[in-house]
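Undergrad: Handing you this structure, nothing more for now.
The values are calculated or read from the model by the stated rules, or taken from the named source; none is laboratory data. None of these values were measured; they are calculated from a predicted model. Ideal geometry is used to build each Cβ from the backbone, glycine not excepted, and the neighbour counts take in all protein chains shown.
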Amino acid sequence: MKTFLAIAFSFFTFTIYGQKDSLASRVHMVEMSFDVKDPVLSFGSAVDMTFFGFGFGYYQQLKTKGYNFWGVASDFSFMGSASEVYTDIVDGETVDVRETTSSHMWNVYGVYRHFPNVYFKRFEPFVEACMGARMMTNNTKTTILDSDDSGELDFNRFHLSIAFGGGIGTEFFIGTNVFLHGKISYLTGTSAKYLAKKNDDLSPTIENFRLEKTQTDLINYQIGATFAF
């Protein structure tokens, strides 16, 4: 009936046939993606940049032969960094030190996804809604150059807020239980404190960031691979 689910169902006929609606007889999906986030409204004005990152998701069919899925998705994005190299004295020796300060966004969502009863050749569209946690972090790493030392990592700031939204997308059949997917989502974030990059040449590197407090609304563009089993 629907190409996307029919392919996965046929691959697991030996499991589904003659069994009750159990976890083993349902379709499961794992997704990996490359994400581009475009901040909007007050968030866009404060940061004035596009974020890049990656995501991962796991989804499970709610009922055998149904077109509704639930799951968990997580993504990580880079919100800018500043780096410098300076000379310091460590244990009586003069060394070159690299200091890098960076800001990040990490989201974890519970997701409900529905595949409507429509399809276009190899394309299987879907809609979804999500809600979860949004974490804004900033850290500084100090590394001694030409040394085997892995360096020292200091967390400067962490703030937790709530995020929710919805999106539309499509799966594109590639081969047995392998698909490409594309998705666009609007994700609203409640007010959060975070460090936004404003400069490149100040020292120490954290001085290149300014504390902001805004809503964290954004549009997320995603492309990746889906594996059904």
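Undergrad: Are any residues in the stretch 55-72 without any contact (Cβ under 8 Å) to a residue 40 or more places away in the chain and either farther than 30 Å from residue 25 by Cα or touching a Ser or Thr at 6+ places or on another chain (Cβ under 6 Å) (or both), and if so, which ones?
TA: Result: 56, single match.
Undergrad: Tell me yes or no: at least one residue of the stretch 211-226 is more than 21 Å from residue 168 (Cβ to Cβ) and either among the charged types (D, E, K, R) or in contact with a Cys (Cβ under 9 Å, 6 or more places away or on another chain) (or both).
TA: Within the stretch 211-226, one or more residues are more than 21 Å from residue 168 (Cβ to Cβ) and either among the charged types (D, E, K, R) or in contact with a Cys (Cβ under 9 Å, 6 or more places away or on another chain) (or both).
Undergrad: Can you run down the residue pairs with Cβ atoms below 9 Å, 6 or more apart or on separate chains, where the first is in the stretch 110-138 and farther than 27 Å from residue 189 by Cα and the partner is buried (at least 17 other Cβ atoms within 10 Å of the Cβ) and aliphatic (A, V, I, L, M)?
TA: 124/5
Undergrad: Would you mind stating whether residue 139 is of a type in the set (S, T, N, Q), surrounded by 15 or more Cβ atoms within 10 Å (Cβ to Cβ) and either out of contact with any helix residue (DSSP H, G or I) (no Cβ under 8 Å at 6 or more places or on another chain) or modelled with pLDDT of 95 or more (or both)?
TA: Judged against the criteria, residue 139 is a match.
Undergrad: Collect the residues in the stretch 204-218 that are part of a strand (DSSP E or B) and within 21 Å of residue 83 (Cα to Cα), keeping them in residue-number order.
TA: Once the filter is applied, which keeps residues that are part of a strand (DSSP E or B) and within 21 Å of residue 83 (Cα to Cα), the stretch 204-218 yields 209, 210, 211, 212.
Undergrad: Quick one: count up the residues across the stretch 105-125 that are buried (at least 19 other Cβ atoms within 10 Å of the Cβ), in a strand (DSSP E or B) and touching a Ser or Thr at 6+ places or on another chain (Cβ under 9 Å).
TA: Total meeting the criteria: 4.
Undergrad: Condition check: farther than 30 Å from residue 94 by Cβ and without any contact (Cβ under 8 Å) to a residue 24 or more places away in the chain. Does residue 182 satisfy that?
TA: Answer is no for this residue.
Undergrad: Oh, and also: Taking the stretch 183-218 only, how many residues are surrounded by fewer than 17 Cβ atoms within 10 Å (Cβ to Cβ), among the hydrophobic types (A, V, I, L, M, F, W, C) and farther than 27 Å from residue 98 by Cβ?
TA: So the answer is 1.
Undergrad: Does residue 179 satisfy the criteria of being in contact with a strand residue (DSSP E or B) (Cβ under 8 Å, 6 or more places away or on another chain), in a strand (DSSP E or B) and modelled with pLDDT of 95 or more?
TA: yes
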